[in-house]
Structure formats: C-alpha cells, structure tokens
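Only one structure is covered here, and it is reproduced in the block below.
The values are calculated or read from the model by the stated rules, or taken from the named source; none is laboratory data. These numbers were taken from a predicted model, which means no experiment stands behind them. Note that we place each Cβ from the backbone using ideal geometry, even for glycine, and neighbour counts take in every protein chain shown. With ligands, DNA and RNA removed, areas are computed over all heavy atoms of the protein, side chains included. Shrake-Rupley method; radii C 1.70, N 1.55, O 1.52, S 1.80 Å.
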Amino acid sequence: MADRDGVIWLDGELIPWRDAKVHVLTHTLHYGMGVFEGVRAYETGSGPAIFRLKEHTDRLFNSAKILSMKVPFDKDQINEAHTTMIRENKLPHAYLRPLVFYGSEAMGLRANGLTVHVAVAAWEWPSYMSPEALELGIKVRTSSYTRHHVNITMCKAKSTGSYMNSMLALNEALSGGADEALLLDNEGYVAEGSGENVFLIRDGVLYTPELTSCLDGITRKTIFQLAEERGYKVREKRLTRDEFYIADEAFFTGTAAEVTPIRELDGRIIGEGKRGPITEELQSVYFDLVRGKSEEHREWLTYP
Ligand code: PMP
C-alpha cells in the first residue's frame, strides 16, 4: 500500500504517497485510540461520485467526539479533502479512508498535549467480497468472539481499536472455511458482521438488530429507507442466530461489502441457498443509485 504514486491529504497538505509517514511512537499505533471512516466513490455517467459523503463525515466527527478527540478541521474542510483526493489522484472510482489519530508527542495512557492529526487517502479498491459473493451469497459462521459491549468499546464510534475484535472474528471464520463471521452481543443476540450490518427477511418483512452493539451503518440506513420506499416493512429488533437459520433470506450491508447475500450460516442453508428475490431487488436498486443510474436520492451523491 505504501509504495505507489499519488498524493495523500495529511493535515491540510497534499503529500506524495510514499512520504505520508508517521513516527513509530505515534500514540494511536500503540493504544488504538483513533477514528476512521470507509467511504466509497463510484463511477457514474458524469464521472466519479462519492456516496453519502456528508453522513460519513458526520459519523467521523461523532466518533471523534465519543473518544474526546478534537478534530482540528471543520466538516467542510474534510469533505473538500475527499473530493481533492479523487481529483488529484485521477480516480474513476475509489475507496476513501479518512483517519483521525494522535501524534507522537508523548507515550503512555496518561499522555497529554497530544496533537490530533487527520489523513485522507483514496485508492482504487474494486471489490471487498469476491464478485461471485454478490451474486451467489456467502458462507458465514457465528463467531466465538463476542461483539463489543456498549460499556467496553462504545459502538457508536468507528474507532481503530474496535477492529481488533473484527479481525479476530474474521480470521477465525476464514480459517474455518467460511467467508465472514457473524458476531453476537454479550447476551447472545446477533450484533453484526466483522465489518457489516446484517438483515434477515421473513415473510416479506426485513429485520435488522437494534443499534446497541453494532455500528450505525450508512448502508444499513440506506437499505432501510430504500426498502420502506418500496413498501417493505423494516423492523429493528433483537434477533437470535436461529432466526437467521430459518429466514427466507439474509444479507450483509456495508460500504465495502455493499449488499452481500448470505447463503449459509453455521452449516444451515438459508432459504434457497442463494441470493433471494428481495435481496436481489434491493441490491440492484442500491447499485443503480450509487452508480448514478437512478433518479432517486441524487442528494446522496457528491461529484468531485
Ligand atoms: N459494522 C461494522 C463493524 C463496520 O466496520 C461497518 C463498515 N463501516 C459497518 C457495520 C457498515 O457500515 P457502513 O454501511 O456505514 O459502511
């Protein structure tokens, strides 16, 4: 990742990609106290468009607030950094990564006087799941790792440290032959995937866990709204893993994962064992929208 052409926005300046470095005593590197976003720009008929940039930047600032990190830029500056990255790196489509982190002025948990830095990088990252996954669905295993409890790592913050739990769960799932992990909360109810929110469909109704132990996903919110606009009922409620076993359809949502069908959970085939019809409909509405092919919600697209 470090050895490539292009520029990265770091603290308000454009730095050559290979020179965008930090010191090894960078505080966030040691204690995982930092916040970030995963944002995506899609190729549209009118050039690249960033999907729901405002919502991602709002969540970034909320995450920083939860961790009491003061971002030394305003939201307009951060939004502008995103559009600049697309333009300067001449990207037709991109994954964008804003990161807010502490500097290297001091070490230890009691460190004070730490500066807060912000970086925004962008690169072409076509598919997170394999292209077949979007069509055929993926195999998921319930994780032996519990998802964060609200009083351990606050779940409304997309914080760097919270992804250790995600990586442990994902690596366990992958090494067990699955494609993704499903994490339960500390009471045993379904929370989310390692980097996705999750939905099930039963008798034409969509269900998704309440936000207690999962991230307030922007794709979740998008699918929620798009489904309701098409007349589907969407319910937020506590869900158990066996409700997924007997669901008609299930899928993950996320900026990287987009709308990924789940065909199997813990060796149980879900529905027909392939992408279900409602999942397919919502997936296609989502793709048309992010790719600027739809007249709906054009306000969600930012053209750099
Ligand atoms: N949960 C977790 C743990 C995530 O990392 C992500 C990806 N940001 C999501 C859910 C989905 O959020 P979004 O739709 O905003 O990408």
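Of note:
- Among the residues of the range 212-236, the ones that are crowded, with 17+ Cβ neighbours inside 10 Å, free of Cβ contacts under 8 Å to residues at least 40 places away in the same chain and among the small types (Gly, Ala, Ser) come to 1 in all.
- Any pair with Cβ under 7 angstrom, 6 or more apart, that starts in the range 30-48 at a residue that is on the phi > 0 side of the Ramachandran plot and in contact (Cβ under 8 Å) with a residue 40 or more places away in the chain and ends at one that is open to solvent by 20 Å² or more (accessible area, probe 1.4 Å) and away from the ligand (no atom under 16 Å from the Cβ): Gly47/Tyr303
- Take the conditions (1) touching a Lys or Arg at 6+ places or on another chain (Cβ under 8 Å); (2) part of a loop (DSSP other than H, G, I, E, B); Arg263 misses just one of them, which is (2).
- Hits in the range 242-253 (condition: open to solvent by 10 Å² or more (accessible area, probe 1.4 Å) and in contact with a Gly (Cβ under 6 Å, 6 or more places away or on another chain)): Asp248, Glu249
- When restricted to residues that are open to solvent by 30 Å² or more (accessible area, probe 1.4 Å) and closer than 25 Å to Glu55 by Cβ, the range 129-147 contains 1.
- Evaluating Ser294 against the criteria (1) outside any strand (DSSP E or B); (2) small (Gly, Ala, Ser); (3) in contact (Cβ under 8 Å) with a residue 40 or more places away in the chain leaves one unmet condition, (3).
- When Asp19, Asp11, Asp3 are checked against the criterion of being of a type in the set (Asp, Glu) and either closer than 26 Å to Lys156 by Cβ or at pLDDT below 95 (or both), Asp11 stands alone in meeting it.
- Of all residue pairs spaced 6 or more apart or on separate chains, none has beta-carbon atoms under 7 Å together with a first member in the range 141-156 that is not assigned by TED's automatic domain parsing to the domain that holds Leu183 and a second member that is modelled with pLDDT of 95 or more and open to solvent by 40 Å² or more (accessible area, probe 1.4 Å).
- Within the range 2-23, not a single residue is surrounded by 19 or more Cβ atoms within 10 Å (Cβ to Cβ), part of a loop (DSSP other than H, G, I, E, B) and not small (Gly, Ala, Ser).
- Screening Tyr189 on (1) surrounded by fewer than 20 Cβ atoms within 10 Å (Cβ to Cβ); (2) in contact with a strand residue (DSSP E or B) (Cβ under 8 Å, 6 or more places away or on another chain); (3) aromatic (Phe, Trp, Tyr) shows it passes everything except condition (2).
- Residues of the range 32-90 classified as in contact with a Phe, Trp or Tyr (Cβ under 9 Å, 6 or more places away or on another chain), of a type in the set (Ser, Thr, Tyr) and surrounded by 15 or more Cβ atoms within 10 Å (Cβ to Cβ), total: 5
- Any hit, the range 47-61, residues being part of a loop (DSSP other than H, G, I, E, B) and farther than 30 Å from Leu174 by Cα: yes
- Number of residues in the range 190-248 that are under 22 Å from Glu272 (Cβ atoms), within 14 Å of the ligand (Cβ to nearest atom) and acidic (Asp, Glu) equals 1.
- Selected residue (criterion: farthest from the ligand (Cβ to nearest atom)) from residues of the range 164-187 that are in contact (Cβ under 8 Å) with a residue 40 or more places away in the chain and under 21 Å from Arg220 (Cα atoms): Asp179
- Any hit, the range 11-25, residues being more than 24 Å from Leu289 (Cα to Cα) and either in the same structural domain as Met154 (by TED's automatic domain parsing) or within 16 Å of the ligand (Cβ to nearest atom) (or both): no
- Among residues of the range 10-26 that are closer than 18 Å to Pro72 by Cα, none has a Cβ under 6 angstrom from a residue that is surrounded by fewer than 14 Cβ atoms within 10 Å (Cβ to Cβ) and among the basic types (Lys, Arg) at a sequence gap of 6+ or on a separate chain.
- Flag for Phe252 being farther than 18 Å from Gly204 by Cβ and assigned to a strand (DSSP E or B): yes
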